[in-house]
Amino acid sequence: MSLVPHRSEPALPSAPATAQTSAPVPSLAASRPGALGPLLALALAAVLAVAGCSGSSGGSQPVVSVDPNAPALLAHGLKFDKDELDVPSGQAFDLVLNNEDGVPHNIAIYADDGHTQVIFRGDLESTGIHVYHVPAIVPGTYYFQCDVHPAMNGIVVVGQG
Ligand SMILES: [Cu+2]
């Protein structure tokens with residue numbers, strides 16, 4: 001057996017000598033062993049928790065796009081936040097019901113507080129933000145209420161919004 005190291009590479013005279021640049025490089029990861037471990041674990045746990053949340057809710061919650069200028073009623077504590085709704089005349093409009101209660105509410109619009117004529121009756125909606133699509137109403141003053149809780153009521157003014 002031969003004791004002479006046998007290099008298979010051809011010796012090229014023009015090749016730069018790169019074999020002697022192996023100075024020891026201090027490892028950053030090894031300079032403070034254990035310092036990054038717990039932080040990294042926490043970060044990973046947070047990422048996994050977020051991923052779990054977004055994964056489990058996929059498709060179960062409909063996205064409601066709400067016109068910020070649409071007339072809106074907030075239901076909270078069996079009360080609406082306002083007793084007058086101003087809506088545009090001569091055109092259909094979106095009416096937002098933001099129900100913060102644990103019981104269903106709706107918004108119904110009548111010609112007057114005697115409920116002689118139904119102008120619009122929204123479906124009962126549970127907790128959350130809901131958008132009713134209300135057909136155009138001729139200008140005038142109307143009455144609205146939650147049909148489940150008639151004490152939640154007010155007037156609708158069409159044509160002065
Ligand atoms: Cu109600």
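Can we say His149 is closer than 21 Å to Leu74 by Cβ and either surrounded by 13 or more Cβ atoms within 10 Å (Cβ to Cβ) or not aromatic (Phe, Trp, Tyr) (or both)? Taking the combined requirement at face value, the residue satisfies it. Among the residues examined, Ala70 does not qualify as among the aliphatic types (A, V, I, L, M), within 15 Å of the ligand (Cβ to nearest atom) and in contact with an Asp or Glu (Cβ under 8 Å, 6 or more places away or on another chain). Looking across segment 108-161, the residues that are in a loop (DSSP other than H, G, I, E, B), closer than 16 Å to Phe93 by Cα and hydrophobic (A, V, I, L, M, F, W, C) come down to Ala136, Ile137, Val138.
Could you look through segment 107-146, keep only residues that are β-branched (Val, Ile, Thr) and either under 14 Å from Leu73 (Cβ atoms) or under 31 Å from the mean Cα position of the chain (by Cα) (or both), and pick out the one that is nearest to the ligand (Cβ to nearest atom)? Filtering segment 107-146 for residues that are β-branched (Val, Ile, Thr) and either under 14 Å from Leu73 (Cβ atoms) or under 31 Å from the mean Cα position of the chain (by Cα) (or both), the one nearest to the ligand (Cβ to nearest atom) comes out as Ile107.
Readers should treat all values here as calculations from the given coordinates under stated rules, not as data from a laboratory. Here the structure is a predicted model, which is why all the values come from computation and not from measurement. Quick reminder, even Gly has a Cβ in these numbers, built from the backbone with ideal geometry, and neighbours come from all protein chains shown.
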